[in-house]
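Below is one structure, written out as structure tokens; the observations come after it.
A short reminder: the numbers here are calculations on the coordinates, not readings from a lab. These numbers were taken from a predicted model, which means no experiment stands behind them. A quick note on method: Cβ atoms are made from the backbone with ideal geometry, for glycine too, and the neighbour counts reach across all protein chains shown.
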Amino acid sequence: MAPQQKAASPWQGQKAAKHSTISPQFSPIDNLLSLLNRVKRTGPSTWVASCPTRDDKRPSMTIRELDDGRVLIHDFGGDSPAEILAAIGLSFDALFPPRLDDPAHVGKPERRPFPAADILRAVAFEATIVALAGAAIIAGEPFSQFDKDRLLVAVGRINAALDAGGLNHV
């Protein structure tokens, strides 16, 4: 089936191309959304749109961007992702962020694999362990080998959380 004429994209502020021209300055989700019609945001990192393989009366395709930048698409009308991508002139690699070893993207910041809230929760729990150990030492309570080992685990986990968050630590 022939691709539909594309409308201007509210995400890029310019006319969408009829052919595959993936812009390295835009994310995979921005590139995909710019090529679809009747795009509507339905939540954080989720959209619906008309399927480009047919003339939908209402949007039947869902799009979701994952935390790592990958894009998932599903058509409730039954068209496969390959058919959808072919209709707008894209290939499957358009649904994935650029690889970090790609020379065109060297020096760009790396996306963190863990949400900041998860890192803060882990640090808060391990900081509680450190605080309890400190209170026991100040109170003159005996400090067993198990307590010493757990304190070292807490310090290691705090340092690992700082690494996961991209923060330098001593």
Explain nothing, just compute: Karplus ³J(HN,Hα) = 6.51 cos²θ - 1.76 cosθ + 1.60, θ = phi - 60°, for every residue of region 123-139 in order, whole Hz, x for Gly and Pro. 5, 4, 5, 5, 5, 5, 4, 5, 5, 5, 5, x, 5, 5, 5, 4, 6
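Sorted by mean Cβ packing within 10 Å, highest first, what order do the peptides 61-68, 133-140 take?
61-68, 133-140
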Determine, from the Cβ-Cβ distance of V130 and D163 and an R0 of 22 Å, the FRET efficiency 1/(1 + (r/R0)^6), rounded to the nearest 0.05. 0.80
Apply 1/(1 + (r/R0)^6) to the Cβ-Cβ distance of R54 and R99, taking R0 = 41 Å, and write down the FRET efficiency to the nearest 0.05. 0.80
